[in-house]
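The values are calculated or read from the model by the stated rules, or taken from the named source; none is laboratory data. Small disclaimer: the values here were computed from a predicted structure and weren't measured. No Cβ is skipped: glycine too gets one built from the backbone with ideal geometry, and neighbour counts run over all protein chains shown.
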Amino acid sequence: MRESIPVNPDLLKWARETAGLSVDDVVRKMKRKRVTAEIVLSWESGEDSPSYSQLERIAYEIYKRPLALFFFPEPPQEETPKQSFRTLPDYAIERLPERIRFLIRKARAMQLNLAELYDNANLASRHIVQDLSFDPGVSSEEMAATVRDYLGIDLARQSQWRNSEEAFKVWRDVLEEHGVFIFKDAFRVEEFSGFCLYDEQFPIIYVNNSQSKSRQIFTLFHELAHLLFRTGGIDTPLDDYLDHLVGDSRRIEVLCNQFTGEFLVPRRDFEHRIRGIAINDESIQELAETYHVSREVILRKLLDRKLVEQAVYEEKARDWTQCAKTSSGTGGDYYKTMGAYLGERYLETAFSRYYQNRISVEQLADYLGVKVKNVPGMENLLFPRGATA
């Protein structure tokens, strides 16, 4: 007779629902005919319980939760997506894909990691989320000018960067120097470009690493705008969600896009550059490379000025999006990818705590999200020759 596992049935149901999964989804992911919807429901009602191997699969592979959590007396206090993303309508939150829900939970775990690594205090000498705040009635131009002045990056320097990859690296470094923590991951849901979680000490921006660097740059500042309005934000493919928003929530969502466009491509400079030039694919590409933004951002600017027609904008934007999907690749060096996800600043902080004997190698691996055997490879990202001094 199979030994009963004293798992908390309420935790099983809570973990499934917070992962955005139905009972049928769990049955499908278990990939075993003998696990039916009736069996899953019996686990959640307490009439039966999964075997240990079944619980491991549910915890680690399906719900993406620590196994020990399912033995807690009650679900942990955890901010819901609705609380994190208060400007999104309910129907948009309800339709968040399973992968995005998992990444949001992962981001919350990273905030806890940061609090532990930094002893609950952000060490940035200047903290943009604490120093700047904006009312939803602010103009996008005023907001963009204030943020650019605060960060100390003028257009002349921006235009001198060699390419979008260098531009992203500089913008990431600048924002992290000013108290915002930036992580990346493969979202595996192409329509979502990123999200942010507000916190007074440890605000986080998560970026979809599978997208182009120019699109990642746009995401950085779209999410920064949300943080400056003291709210989390998330990109969503639901084009009509703005129709479901009212008041400040609607204004904030509109402003985040307007601010990003104005910050990266200031109106006055843009209008000066397009004066007298022929608007075609070549000039759009040149402008995109000048500002290190996507061609769609430039095309949108031109549409707003009625220099291209709506039909042209929609056709080109659709073609460029499709082209980006077919040309984007995955894979590569595991350690470099993990390094890009975590960022140099986070890696340095985690390893410094390890070198100071404040954390064990097992804890270090946990902070890095890798196995213990992979720690030397991660260390090699910081010290290519293996030096630790």
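Odds and ends about this structure:
- Restricting the first member to segment 352-369 and to residues that are assigned to a loop (DSSP other than H, G, I, E, B), and the second to residues that are among the acidic types (Asp, Glu), the beta-carbon pairs closer than 9 Å and six or more apart or on different chains are 359/116; 359/366.
- Taking the listed residues 308, 293, 297, the one that is over 23 Å from residue 186 (Cα atoms) and out of contact with any Cys (no Cβ under 7 Å at 6 or more places or on another chain) is 308, with no other qualifying.
- Residue in segment 96-105 that is without any contact (Cβ under 8 Å) to a residue 40 or more places away in the chain and either in the same structural domain as residue 224 (by TED's automatic domain parsing) or over 30 Å from residue 356 (Cβ atoms) (or both) present: no
- Test: residue 113 is more than 17 Å from the chain's Cα centre (by Cα) and within 28 Å of residue 64 (Cα to Cα): no
- Answer from 33, 64, 29, 13 - the residue that is touching a helix residue (DSSP H, G or I) at 6+ places or on another chain (Cβ under 7 Å) and at pLDDT below 85: 64
- Filter pass, residue 41 being at pLDDT 90 or above and within 22 Å of residue 108 (Cβ to Cβ): no
- Subset of segment 134-153 (residues that are exposed (fewer than 12 other Cβ atoms within 10 Å of the Cβ) and either modelled with pLDDT under 95 or not assigned by TED's automatic domain parsing to the domain that holds residue 182 (or both)): 135, 137
- Residue-level analysis places residue 301 outside the set of residues that are touching a Leu at 6+ places or on another chain (Cβ under 7 Å) and part of a helix (DSSP H, G or I).
- Residue match in segment 80-99 (condition: more than 27 Å from the chain's Cα centre (by Cα) and loosely packed, with under 13 Cβ neighbours inside 10 Å): no
- Near pairs, Cβ below 8 angstrom, 6+ apart or cross-chain, from segment 228-251 (more than 14 Å from residue 94 (Cα to Cα)) to any residue that is acidic (Asp, Glu) and at pLDDT 90 or above: 233/223
- Against the test of being crowded, with 16+ Cβ neighbours inside 10 Å and free of Cβ contacts under 8 Å to residues at least 40 places away in the same chain, the options 128, 205 yield a single qualifying residue, 205.
- Count - residues of segment 38-59 that are loosely packed, with under 15 Cβ neighbours inside 10 Å and more than 14 Å from residue 24 (Cα to Cα): 7
- Remark: pairs (first residue in segment 169-187, on the phi > 0 side of the Ramachandran plot; second residue crowded, with 22+ Cβ neighbours inside 10 Å and in a loop (DSSP other than H, G, I, E, B); Cβ separation under 8 Å; 6+ apart in sequence or on different chains) = 179/203.
- The set of residues in segment 68-121 that are under 19 Å from residue 201 (Cβ atoms) and outside any helix (DSSP H, G or I) comprises 77, 78, 79, 118, 119, 120, 121.
- Single residue of segment 359-373 satisfying the filter (surrounded by 13 or more Cβ atoms within 10 Å (Cβ to Cβ) and not hydrophobic (A, V, I, L, M, F, W, C)) that is farthest from residue 64 (Cα to Cα): 363
- Looking at segment 12-58, none of the helices (runs of 4 or more DSSP H) lying wholly inside it contains 3 or more residues that are over 28 Å from the mean Cα position of the chain (by Cα) and among the β-branched types (Val, Ile, Thr).
- Looking at 64, 31, just one residue is on the phi > 0 side of the Ramachandran plot and surrounded by fewer than 14 Cβ atoms within 10 Å (Cβ to Cβ), and that residue is 31.
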